[in-house]
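Derivation of every value follows stated rules applied to the coordinates shown; laboratory data play no part. Bear in mind the structure is a predicted one, so any value in this text is a computation, not a measurement. All Cβ positions, glycine included, derive from the backbone under ideal geometry; neighbour counts span all protein chains shown.
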Amino acid sequence: MNRQKIVLLPLLLALALTTALSGCSGSNSNANKHGNASGKGEAAAATGADSGKDPVTLEVWGRWEEMTSQINETISEFQQQYPYITVKYATVPAAQYVAQVQAAISGNTLPDLFGYNPAIPTTQLSNLGVIQPINDVLTEEEKAEYYEGTWSQGYTVVNEDTYAFPLFNPMRPSMVMYYNKAALKEAGLTEADIPKTWEGLYEFSKKVKENTGGKIYGLVVGIKPQSFLSGVIMQMATAVKPEVSPADSFNYKTGKYEFNSPGIVQGLELFKKLQDEKLLHPNSLLMSYREGTSMMEAGQAVLTMDGSFLGSQLSKDKLDNYGAAPLPTLDGKPQYAAFQGESRVSLYVAKSTKHAEEAKLFLRFLKEHLYPKLVRDGIEYSPIPAVNEATKVENPIAEQALKIQSETFKLIPRPFERNQETLKVVVETSGKMPKQTLSDVIEGYLTGQIQDVNQVLTQLTEESNKVFESAIEKVRSEGGNVSPSDYAFEDWHPFTPYHP
Amino acid sequence: MSFRRKRKIAWTYLFLAPQFVLLAAFTVYPILMSYVYSLYDWSGIGPLNDFVGLSNFRAVLEDSSFWNAFRNNMIYMFFLTVLSLPTTFVAALVLNLKFLRGRTAYRTLLFLPVVTTAAIIGIVLKFIFGNDNALFNNVLISLGILKEPVGWLADPTKAMIVLIAVGVWKLFGMIMIYWLAGLQSLPSEVFDAAKMDGAGYLATVRYLTVPLLLPVATVILLLTALNGMHVFDMVTTLTGGGPYFATDMVDLYIYRYVFASGGFPQMGYASAAGIIFGLSIFALSVLLGGLVRVSGGKKAKSDAGWGG
């Protein structure tokens, strides 16, 4: 008898627990049905039901970690204003983004809104029919408020239809030099000593190392696995040969790639000299750009070179300890960063969405509410100059970096504005350029695996031009009206915004 | 065939069906499709329109970067196998000694790296083998072996040595367990007889253990070699294939063409590279499988001998 009780008791308890749990589940389902849910989204859905509109959930994929706080704040405000809409925003890691979008396109499971990635440009998405025009999101007057060049063919616009909604200032990011004031002081130097020329950078690095007995280095720049050093060198190189665009090492005067431009070669030689004389922090060769930056933050090096966006990511409680300055150039001459209309931080509305109106409503809301927050927190300037002028940047380092960025960016020639057929060449060359990049060459040269850097860069130039010429030929063979002359802009004066 | 037997067979197929379906969906189908993709210039998005025949294969075979990665794979596999097989065998012999106390604890300790995520190991070791203020350099400097920090991962040869050493360390416990399983499956009466005949420990190892373990050894060789062909996670996190492609491996090469092409993914090209690499592994497996067969034959003969 007792034995039976022992067996029965746990069974009864389990039954009671199961009933209780299923009871919870049952009441939860009822809650969903009747709008009495406790979750944030469900609450919104519930209120929506009360207000007579069907609850809507918008799924959004972005890949910009730096604005997570600002977009969440904006979404919260949006959901308060439109309680029937729930926005589920996910930041997809940059390394996985293309694969995830690829899989979603193949499986027809794209979210309602998703972010731009240069690997899958607007032209291709529009050709595939997976994004829809958003012409009615902004009026022509509103579009005119944006930076010049924002509404460029192939990027935000395809065949008169607008497809991408910009979130950040399109003229970004430029490369900036950041410094640690405490480390500078420890080296017995002042902000007046921050170098403006390459020779100055060399002398500065020597002084820092000597003055600190090798405890602190002058410069640290992480070169792997993702590196900005190629961007840094290409931007600095514009002070030597400005015809070669710092965006892609393409010479827009000759219409050809030129990785072996004197500016790039000399920039590489500068870093090699710093490396060989042990003036560049030795961990630079092993670290990613962000790990390198953290060494500057920790005071192990005075200087680092990073994107303009770094300012908003430095420790908030130590902002007084940092400063930002333009990159040094060969002889102190000006440099520039190139803008061609690509709006790298923008959102698309998927064609498959069942909530296109709500998605567009959300985009309009972002214009009014997200843009000022981005500027306020120094994440990035918004794509509207008036918003940027009217909003105070609350992060002083980000403010300095963004100011340097706005002074650095210049509108350069855009072949697709001259001939839209060149967009087909973009598609043809995409992903087919040599897999050995300038970043790889930098690593090989600094580690001593490449002896003759000029020869390697010449080979890279030749291979890139070969892919480019083959792409033009292929487009022509398929009936496209495009020629190499579409890429040569003899009337272009670098440093002056290009208007044909 | 009786109804009962037919029903039994039907049930057997029913139980096997889920596995077949999953195998077909997640193994057979992707392999077949990679053969199809390799014949197209395809980005992985949109329809397969641009048939290019075998030109992806030709391009892969003509690409020196592919052969560099392939060579690195072979170097890694060779040294991983050559270094880990004898060392793990010795470790297994020691940990199989009955009088050794705490054997289980030692086995567990040696097995720990096997169950640790390779990517995490790569990240941690990257800092240990760093240049300035890194653990490994600091230890060597404090012991007076080095005068100044060495860039272990910034030099092509040293980076490969570190990668192989880490690979051996990571795999050590697994191969040792294989050896232990082999050792423990050997017939004890043979060893008792040898002991009675006055054979010493080393003679027993040389004339009994090693010949009897030969079939197991060839299987372990096969498994170790195949393991050495897939080092994606470790390489990605520890060296990133660098410096300047010195530790680049084929799976990393393929990954670059699919996910880090600097533009559209080149799925067709990457598929062709994957097929070439897959076929190479297959050829290697066949070769080593032949060895297993040969040594298995010896075992059968020796078994017959013992039986007779």
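If the cut-off is 27 Å between C-alpha atoms, which lysines fall inside it for A:Lys256, apart from same-chain ones fewer than 8 positions away?
Candidates past the 8-residue exclusion: A:Lys241, A:Lys272, A:Lys333, A:Lys410, A:Lys424, A:Lys432, A:Lys435, A:Lys466, A:Lys474.
Does segment B:30-135 classify as rounded, prolate or oblate by the C-alpha gyration tensor (a ≥ b ≥ c root eigenvalues; a/c under 1.5 gives rounded; else a/b over b/c gives prolate, otherwise oblate)? Walk me through the intermediate numbers first.
Numbers: a/c = 2.69, a/b = 2.27, b/c = 1.18.
Prolate is the answer for segment B:30-135, as a/c is 1.5 or above and a/b outweighs b/c.
Grab the beta carbon distance between B:Leu61 and B:Phe26, set R0 = 25 Å, and tell me the FRET efficiency rounded to 0.05.
Working: r = 29 Å, r/R0 = 1.16.
Once rounded, the FRET efficiency stands at 0.30.
Put a dot 7 Å past each Cα toward the Cβ at B:Ala199 and B:Leu143; how far apart are the dots in nm?
3.8
How high is the FRET efficiency between A:Glu277 and A:Asn211 when r is their beta carbon distance and R₀ equals 25 Å, given to the nearest 0.05?
0.95
Provide the FRET efficiency to the nearest 0.05 for the A:Lys333-B:Lys98 pair, computing r from the beta carbons and using R0 = 60 Å.
Computed FRET efficiency for A:Lys333 and B:Lys98: 0.15.
Toward the positive end of the charge dipole of the protein assembly as shown, about the Cα centre and with charges on Cβ (Lys, Arg +1; Asp, Glu -1), which of A:Leu347, A:Gln81, B:Phe136 goes farthest?
Farthest along the dipole direction, towards plus: B:Phe136.
Using the charge dipole of segment A:107-242 (Lys, Arg: +1 at Cβ; Asp, Glu: -1 at Cβ; taken about the Cα centre), state which of A:Leu229, A:Thr212, A:Pro121 has its Cα farthest towards the positive end.
A:Thr212
Points 7 angstrom from Cα along the Cβ direction at B:Ile161 and B:Trp11: gap in nanometres?
Here the modelled spin labels are 6.3 nm apart.
Could you derive backbone 3J(HN,Hα) for segment A:478-491 from the dihedral phi with the Karplus parameters 6.51, -1.76 and 1.60 (θ = phi - 60°), listing whole Hz in sequence and x where the residue is Gly or Pro?
Using θ = phi - 60°, the values come out as 9, x, x, 9, 9, 9, x, 5, 5, 9, 9, 10, 5, 8 Hz.
Each residue of segment A:173-189 in turn: what ³J(HN,Hα) in whole Hz from Karplus with 6.51, -1.76, 1.60 and θ = phi - 60°, glycine and Pro shown as x?
x, 9, 8, 9, 9, 10, 9, 9, 5, 5, 5, 4, 5, 4, 7, x, 10
How do A:446-455, A:122-131 rank on mean C-beta neighbours within 10 Å, highest first?
So the order, starting with the most tightly packed, is A:122-131, A:446-455.
What order do you get for A:Lys215, B:Lys6 when you list them from fewest to most C-beta neighbours inside 10 Å?
Ordered from fewest to most neighbouring Cβ atoms within 10 Å, A:Lys215, B:Lys6 come out as B:Lys6, A:Lys215.
List the residues, sorted by chain then number, that are 5 or more residues from A:Phe409 or on another chain and whose placed amide H is less than 5 Å from its amide H.
Placed amide hydrogens put A:Ala337 under 5 Å from A:Phe409.
Could you check the spin-label model distance between A:Asp136 and B:Ser285? Points 7 Å from the Cα along Cα→Cβ, value in nm.
It is 5.6 nm.
Only bridges with both residues in the protein assembly as shown count here: give the DSSP antiparallel percent, nearest 5.
Close to 55 percent.
Once you have a ≥ b ≥ c as the square roots of the Cα gyration tensor eigenvalues for segment A:112-183, tell me rounded if a/c is under 1.5, and otherwise prolate or oblate according to whether a/b is larger than b/c.
Judged from the Cα gyration tensor, segment A:112-183 comes out prolate (a/c at least 1.5, a/b above b/c).
May I have the convex hull volume per residue, in Å³, for the Cα set of segment A:318-391?
Measuring per residue, one finds 170 Å³ for the Cα hull of segment A:318-391.
Sort A:Ser439, A:Ser430 so the one with the fewest other Cβ atoms within 10 Å of its own Cβ comes first.
A:Ser439, A:Ser430
Taking only the C-alpha atoms, wrap a convex hull around chain A and report its volume per residue in Å³ as a whole number.
210
Skipping prolines and chain starts, which residues have an amide H placed within reach, meaning under 5 Å, of the one on A:Leu58, given they are 5 or more residues away or on another chain?
A:Thr86, A:Val87, A:Lys88
At q = 0.11 Å⁻¹, what log₁₀ I(q)/I(0) does segment B:67-302 have when each alpha carbon counts as one equal point scatterer in the Debye sum?
Log-scaled intensity ratios, in q order: -0.70.
Could you line up A:Arg364, B:Arg256 from fewest to most neighbouring Cβ atoms inside 10 Å?
Numbers: A:Arg364 15, B:Arg256 20.
Sorted ascending by nearby Cβ count, the order is A:Arg364, B:Arg256.
Top mean-square fluctuation among B:Met196, B:Met267, B:Met33, Gaussian network model of chain B, C-alpha springs under 10 Å?
B:Met196
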